[in-house]
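Below: the structure, in structure tokens.
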Amino acid sequence: MNEGSGAIRYGILSAVMDYYQNVPSGIETAHTRHFQGLGDDSMPMQRLGRALSNACDSEARATYSRLAIWGADMNAIIQEAIDALASADIRSAMPELAVVQKNLRAFIDCCSLLDSQPGYMQFETVADILTEIKQRMEDAKEDSAPQYKDIYMRICDTLKSEDFIETGE
């Protein structure tokens, strides 16, 4: 660890990534650490939400462990899909893969939102990300669907808010 910062050296992380990239047991041996079982399809998104709420709180210390738990969920769901596909059970595999895809898309957009804040990389702005989501909802005609209207309005209200317009956040 670096003195005073508590950060782990990248060399350690790099060795772990190399293991999963190059060593056969990295994929062949089940990874069960952190996995706490799945209650239903919404559980992984709830766990991701808890991790991201920690990422928004400078005092929270559980962000990485919560992300590890969410990642364990993703790993378990993918393993279930692989097992189903190995049995030629595409009907069972597809919903599992859809859960993983929804979670990863949320993770990507939420990490991009966190990264868009002042002092970070800022490759995209909050407006860019939310406008894209708003446009996708409109293109799919989900903006007027009763079950999605609240989500659409929350995105629109954020884009219109005075605080957002002034700061771009």
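The values are calculated or read from the model by the stated rules, or taken from the named source; none is laboratory data. If you're wondering where the values come from, they're calculated on a predicted model, not measured in any experiment. Note that each Cβ is placed from the backbone with ideal geometry, even for glycine, and that neighbours are counted across all protein chains shown. Heads up: the accessible areas ignore ligands, DNA and RNA and are worked out on the full protein's heavy atoms, side chains in. Shrake-Rupley method; radii C 1.70, N 1.55, O 1.52, S 1.80 Å.
I'd like to check something: does region 26-33 contain any residue that is at pLDDT 90 or above, part of a helix (DSSP H, G or I) and aliphatic (A, V, I, L, M)? Step through it out loud before you land on a result.
Taking region 26-33 first, the residues at pLDDT 90 or above are none.
There is no residue in region 26-33 that is at pLDDT 90 or above, part of a helix (DSSP H, G or I) and aliphatic (A, V, I, L, M).
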Subset tally (residues that are free of Cβ contacts under 8 Å to residues at least 12 places away in the same chain, of a type outside the set (D, E, K, R) and under 23 Å from residue 133 (Cα atoms)) for region 67-114: 4
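Could you tell me how many of the residues in region 53-75 are farther than 20 Å from residue 108 by Cβ and surrounded by 13 or more Cβ atoms within 10 Å (Cβ to Cβ)? Break it down into steps so the answer makes sense when it comes.
From region 53-75, those farther than 20 Å from residue 108 by Cβ are 57-62, 65; that's our starting set.
If we keep only those that are surrounded by 13 or more Cβ atoms within 10 Å (Cβ to Cβ) too, we end up with 60, 62.
Within region 53-75, residues that are farther than 20 Å from residue 108 by Cβ and surrounded by 13 or more Cβ atoms within 10 Å (Cβ to Cβ) number 2.
Filter the helices (runs of 4 or more DSSP H) completely within region 85-169 down to those with at least 2 residues that are surrounded by 15 or more Cβ atoms within 10 Å (Cβ to Cβ).
Numbers: elements: 90-115, 126-139, 149-160, 162-167.
Output list reads 90-115, 126-139, 149-160.
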Answer yes if at least one residue in region 21-36 is open to solvent by less than 80 Å² (accessible area, probe 1.4 Å) and within 29 Å of residue 132 (Cα to Cα), and no otherwise. no
Which residue out of 157, 143 is more than 26 Å from residue 51 (Cα to Cα) and of a type outside the set (S, T, N, Q)? 143
If residue 57 meets every condition in (1) over 18 Å from the mean Cα position of the chain (by Cα); (2) over 25 Å from residue 40 (Cβ atoms) apart from one, which number is that one? (1)
Could you tell me which of the residues 135, 117, 46, 79 is of a type outside the set (A, V, I, L, M, F, W, C) and under 14 Å from the mean Cα position of the chain (by Cα)? 46
